[in-house]
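Coordinate-derived values only; no laboratory data. Because the structure is a prediction, the values reported are computed rather than measured. Backbone-built Cβ (ideal geometry, glycine too); neighbour counts: all protein chains shown.
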Amino acid sequence: MSWKQIEEIDVFGTSLFQNLCCRQVAKFIPEVVFEEKGAEEKHFVAEIPVNDIKVYVYLDSAEIVSPSLNIRFERAGSATPEDLTMELIKALSNAF
């Protein structure tokens, strides 16, 4: 799937990338729960207390933040939404 195919915003103000990414992270870490945040630009945040990690999923990017780690995954650095999602999951797996 290309970025062009999923750049639309749904009726809830979220992107198809956000929905895809949150689902894939939840498959990798079943106990993760994403909360919707933001009024103007909605984003999702999940806390992983075991490693003191927060995962942020924005309209077309994602971020991992912890006391020892801060990695941003940008649309420009990924050929497809799936590539960005897999980069995020790979970085999360290395954090465990």
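Among the residues of the stretch 68-96, how many are over 22 Å from residue 31 (Cα atoms) and not small (Gly, Ala, Ser)?
Result for the stretch 68-96: 7.
Could you tell me whether any residue of the stretch 40-51 is closer than 20 Å to residue 2 by Cα and crowded, with 17+ Cβ neighbours inside 10 Å?
Taking every residue of the stretch 40-51 in turn, none turns out to be closer than 20 Å to residue 2 by Cα and crowded, with 17+ Cβ neighbours inside 10 Å.
For the stretch 74-85, enumerate the residues that are closer than 16 Å to residue 19 by Cβ and not in a helix (DSSP H, G or I).
Within the stretch 74-85, 80 is the sole residue that qualifies.
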